[in-house]
Amino acid sequence: MKFTASQIAEVLNGTIEGNENVEVHNVSRIEGGEPGTISFLANPKYTPFIYTTNASIVIVNEDFEATEPIQSTLIRVKNAENAFAQLLEMYNQIKLAKSGIAEQSFIAKSASVGENVYVGEYAVIADNAKIGNNVKIYPQVYVGENVTIGDNTVLFAGVKIYSDCVLGKDCIIHSGTVLGSDGFRFALHDGGKKIPQIGNVVLGDNVEIGSNCSIDRATLGSTILGDGVKLDNLVHIAHNVEIQEKSYLAAHNVVAGSTVIGKNCMFSGQVGVIDHLKIADNTILAAQSGVSKSIRKPGTVHMGSPAMDASKYRKSFVHFRNLDSLVDRVNQLEKMLAELKSQ
Amino acid sequence: MKFTASQIAEVLNGTIEGNENVEVHNVSRIEGGEPGTISFLANPKYTPFIYTTNASIVIVNEDFEATEPIQSTLIRVKNAENAFAQLLEMYNQIKLAKSGIAEQSFIAKSASVGENVYVGEYAVIADNAKIGNNVKIYPQVYVGENVTIGDNTVLFAGVKIYSDCVLGKDCIIHSGTVLGSDGFRFALHDGGKKIPQIGNVVLGDNVEIGSNCSIDRATLGSTILGDGVKLDNLVHIAHNVEIQEKSYLAAHNVVAGSTVIGKNCMFSGQVGVIDHLKIADNTILAAQSGVSKSIRKPGTVHMGSPAMDASKYRKSFVHFRNLDSLVDRVNQLEKMLAELKSQ
Amino acid sequence: MKFTASQIAEVLNGTIEGNENVEVHNVSRIEGGEPGTISFLANPKYTPFIYTTNASIVIVNEDFEATEPIQSTLIRVKNAENAFAQLLEMYNQIKLAKSGIAEQSFIAKSASVGENVYVGEYAVIADNAKIGNNVKIYPQVYVGENVTIGDNTVLFAGVKIYSDCVLGKDCIIHSGTVLGSDGFRFALHDGGKKIPQIGNVVLGDNVEIGSNCSIDRATLGSTILGDGVKLDNLVHIAHNVEIQEKSYLAAHNVVAGSTVIGKNCMFSGQVGVIDHLKIADNTILAAQSGVSKSIRKPGTVHMGSPAMDASKYRKSFVHFRNLDSLVDRVNQLEKMLAELKSQ
């Protein structure tokens, strides 16, 4: 895809300084721009780069004043940062625009497919699945029996969705992610006999899940990710977990069975939360925290394994680093005290 | 799938109270039942819900005595909990019943396929693979050259099995899991040259592996998961590891090369075990443990990183939480002692 | 594949003692060899096994002197260990040799494919992708729009590569791995609006990535793995990360956004590194380390969470294990001091 400066200026409602016919096919950072790319200047810290960049077009604020000659074509707009973000979004939308049903895909006769849907090569849509409008199903995706997918949702290549799961509108699921695999439940008193996993996974609207995540179906009922929940890559969500609206879990999080995580939580990478806990709204967990007790008070910050108040953890950890000298001091005290007593 | 109360009562050998023609298509918890679902009441704690539930059918113990009117149709059985479990299992068996070879699948001519096998769309069965009876191979699965799969084993959508691996009977492998990828071995003294990984992965009978796991092939010989081993999601098992019968590893476990894990072990989530260790039978590891030494004594419990005796770890961790006050006390002791000495 | 002793002796430039027509189809360890396999003896510790092994052929050093009768056919070579390694490599090359384009694959008309390329069943090569010579693309792989893949690179079954990514020569990517999924970036001040991820992933030459890894595309620019970088399984590399030449990251590593890792680093399993850090060349990280600050000095070893100098961590951890007795000692000191003062 190529765009001319005049096409871009029109979209951004900007004015051109330089060659209005110059073409760009990609975006770049101003400090590393190459010919054929478009960049932007908003932060004054980066101003020196505008005189050296090879980017063909640079978006600048309308009040930008050059103090040296500039090679690039400029597009002046009200707010260069916002304009660039707008451009990126449009670029992505154009790039990811896809529709049509590939001949080499399999859609069961009993499935229903909405309008303007993309189904890529070797994708499978099983019996009674219901696909909304404008949904994009990339190649090699598997949509199991009775699955429901809301409008505008995107499943990237190779996503696997087991039967009966329900996805809301405007969701994005990245490659390799599995929704609805069985919960890890076995009757230990009965020789490890498998406990049937009859439930499903339900995603709200505007949920994004990174690549290679595993979200298990509920034993009974639903494993639930609320509206606006975002998961990074390689996250494990066990059976019957509920994550409420707009909580963010970073890469390699592990949430064990039946735990309920409140709204607007932020968990850093490699966090683990054991089963059957309740985590209050707005909880923040530092990387590698291991939560073993419910967190009842909203808005607190935790760290460590087992996790505790983060500032207390940091204090204790400073002492941990210096334990050697603390032990020396206790040795010294014992020696001194022994001397005192023997006097 | 829909079933009437009379169909279910017949299967469970129970007696009906209410509408024998009412139909259900799903199961529910009694506290949240909806019309069209069947639930059960066993624990007296939940008795109040039987008067408010909207479940169309509730299975109850034969000696249950109602104290208020009940909307739902009741099915009385000897043991309501067992009957419900039996029902779930039957439901799952019916739901997961599949057979037939999809036209849009690829089976090499040299492969052999048993009776009553299911092969889904876009699955690949490569040269000389041997598939037992009643095996279910979901869509987009890859079965490499010379792979052997025992009777009744299920491979869910997108499982990938490299050449030469051997799977026992009655195994279940969930979506995204990879068996037989190369072990992580490079000749560091030789510029990082790859060491060929010639071995395979061997699973016993009745092994279940969750979604998105990675089980590496052995360098020589076999990486082995014994009968009845169960892995949760996103577990990494390195080359030449052996996990013996009926051990359970929860999500995000990492077992490094050539380590041998005994029977009936239970590892919580995010546990790591380094290479070339031996872990005794019945070992229990707390979440996020990092095991750096062999565990020789069977039946012990470990925690921490590096892992140590769990009760000792918990004691030390209590002191860690209070290190700030311990340091204060040592400060105070030094001050007091200095005063004493200066007297 | 079967080979006779005389075929193998010719390749290895060795001399045969025994049956030159005996055939082998697999390799084995000398302590567990079965008929039809070939093994080797180099370490004198294993000499006793040569008199009991059932391996059909054993490669030995040319100066080996038997003290008892041996059943196996021997092949005498200069260096038995090297000869065996050479054999394994040849075996693997023969076993993994594949070429030809499967009829049941999809290659976009605008894609270009080099010479002697293998494309397996149900693989997809999207518009404008460029595939080098001798590339192997296993079944069910997805190669997105504009992706470039260098000569001799191997993508095992089910690898997914998003649009615009660039792979060097001689790379190996294992099953389930995803290159180019979106970075985990949302505008929190703007209701969690997704920040478009416009960049790509760039791999140098001779990179190997294990199974089920997730390498996110850059927001702008590239996420980069340098020449000779090796990742184990289930590794997460976030947007805009750069890992320089010949660094090794073991299973379940997590590297957060925009962090730069130097050359020749070695990270053990389950290591986490937070965002925007710089890690110096030759850094070694112990298993489960959590790095929260840049490491500026090359060649240092770190451990713990948050990570600190490894030898210091080990010292502190010894004291941590004994905190209970340290607290007892402080209790005792306080008691003794109180007694002294009251005298």
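Quick look at the values:
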{"item": "One residue from A:31, A:17 being among the acidic types (Asp, Glu) and modelled with pLDDT under 95", "result": "A:31"}
{"item": "Residues of region C:305-336 satisfying the condition of being closer than 17 Å to residue A:335 by Cα and more than 7 Å from chain A (Cβ to nearest Cβ)", "result": "C:325, C:327, C:328, C:331, C:332, C:334, C:335"}
{"item": "Residue within region A:293-304 that is at the interface with chain B (Cβ under 8 Å from one of its Cβ atoms) and free of Cβ contacts under 8 Å to residues at least 40 places away in the same chain present", "result": "no"}
{"item": "Residue that is farthest from the other protein chains (Cβ to nearest Cβ) [pool: residues in region A:251-269 that are open to solvent by 20 Å² or more (accessible area, probe 1.4 Å) and either within 25 Å of residue B:32 (Cα to Cα) or not in a strand (DSSP E or B) (or both)]", "result": "A:260"}
{"item": "Matching entry among C:190, C:205 (being free of Cβ contacts under 8 Å to residues at least 12 places away in the same chain and either within 12 Å of chain A (Cβ to nearest Cβ) or surrounded by fewer than 24 Cβ atoms within 10 Å (Cβ to Cβ) (or both))", "result": "C:190"}
{"item": "Any hit, region A:39-54, residues being in the same structural domain as residue A:151 (by TED's automatic domain parsing), touching a Phe, Trp or Tyr at 6+ places or on another chain (Cβ under 7 Å) and buried (at least 21 other Cβ atoms within 10 Å of the Cβ)", "result": "no"}
{"item": "Filtered residues of region A:270-285 (kept if under 17 Å from the mean Cα position of the chain (by Cα) and either farther than 20 Å from residue C:275 by Cα or surrounded by fewer than 23 Cβ atoms within 10 Å (Cβ to Cβ) (or both))", "result": "A:284"}
{"item": "Options C:121, C:115; residue that is among the charged types (D, E, K, R) and surrounded by 15 or more Cβ atoms within 10 Å (Cβ to Cβ)", "result": "C:121"}
{"item": "Selection status of residue A:130, touching a Ser or Thr at 6+ places or on another chain (Cβ under 6 Å), open to solvent by 10 Å² or more (accessible area, probe 1.4 Å), among the basic types (Lys, Arg) and more than 8 Å from chain B (Cβ to nearest Cβ)", "result": "yes"}
{"item": "Test set (1) of a type outside the set (Phe, Trp, Tyr); (2) within 34 Å of the chain's Cα centre (by Cα); (3) open to solvent by less than 20 Å² (accessible area, probe 1.4 Å) - residue C:94 fails condition number", "result": "(3)"}
{"item": "The lone exception for residue A:198 - which of (1) of a type in the set (A, V, I, L, M, F, W, C); (2) in contact with a Lys or Arg (Cβ under 6 Å, 6 or more places away or on another chain); (3) over 27 Å from residue C:122 (Cβ atoms); (4) open to solvent by less than 40 Å² (accessible area, probe 1.4 Å) it fails", "result": "(2)"}
{"item": "Subset of region B:167-187 [hydrophobic (A, V, I, L, M, F, W, C) and touching a residue at least 40 places away in the same chain (Cβ under 8 Å)]", "result": "B:167, B:184"}
{"item": "Filter result for the condition that a residue is of a type in the set (S, T, N, Q), open to solvent by less than 20 Å² (accessible area, probe 1.4 Å) and within 14 Å of another protein chain (Cβ to nearest Cβ), over C:104, C:140", "result": "C:140"}
{"item": "Count - residues of region A:158-175 that are within 11 Å of chain B (Cβ to nearest Cβ) and closer than 30 Å to residue C:238 by Cβ", "result": "6"}
{"item": "Considering residues of region A:231-250 that are open to solvent by 10 Å² or more (accessible area, probe 1.4 Å) and without any contact (Cβ under 8 Å) to a residue 40 or more places away in the chain only, the residue nearest to the other protein chains (Cβ to nearest Cβ)", "result": "A:232"}
{"item": "Selected residue (criterion: most open to solvent (accessible area, probe 1.4 Å)) from residues of region A:294-317 that are part of a loop (DSSP other than H, G, I, E, B) and over 15 Å from residue B:317 (Cα atoms)", "result": "A:296"}
{"item": "Pairs with Cβ under 6 Å, 6+ apart, first in region A:107-128 and at pLDDT below 95, second outside any loop (DSSP other than H, G, I, E, B)", "result": "none"}
{"item": "Restricting region A:208-224 to residues that are closer than 22 Å to residue C:183 by Cβ and of a type in the set (Gly, Ala, Ser), the residue that is surrounded by the most Cβ atoms within 10 Å (Cβ to Cβ)", "result": "A:211"}
{"item": "Residues that are over 19 Å from residue B:94 (Cβ atoms) and touching a helix residue (DSSP H, G or I) at 6+ places or on another chain (Cβ under 6 Å), drawn from region B:40-57", "result": "B:41, B:42, B:46, B:49, B:53"}
{"item": "Matching residues, region C:323-343, being open to solvent by 70 Å² or more (accessible area, probe 1.4 Å) and under 49 Å from the mean Cα position of the chain (by Cα)", "result": "C:328"}
{"item": "Test result for residue A:4, open to solvent by 30 Å² or more (accessible area, probe 1.4 Å) and β-branched (Val, Ile, Thr)", "result": "no"}
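This table checks each residue for (1) away from chain C (no Cβ under 14 Å); (2) of a type in the set (D, E, K, R); (3) under 25 Å from residue A:95 (Cα atoms); (4) buried (at least 18 other Cβ atoms within 10 Å of the Cβ).
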{"position": "A:9", "(1), (2), (3), (4)": "yes, no, yes, yes"}
{"position": "A:34", "(1), (2), (3), (4)": "no, yes, yes, no"}
{"position": "A:61", "(1), (2), (3), (4)": "yes, no, no, no"}
{"position": "A:78", "(1), (2), (3), (4)": "yes, yes, no, no"}
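The values are calculated or read from the model by the stated rules, or taken from the named source; none is laboratory data. Treat the numbers as computed from the prediction; the structure is a model and nothing was measured. Positions of Cβ are generated from backbone atoms using ideal geometry, with glycine treated the same way; all protein chains shown enter the neighbour counts. When the accessible area is computed, the model is the full protein with side chains, heavy atoms only, and any ligands, DNA or RNA have been set aside. Shrake-Rupley method; radii C 1.70, N 1.55, O 1.52, S 1.80 Å.
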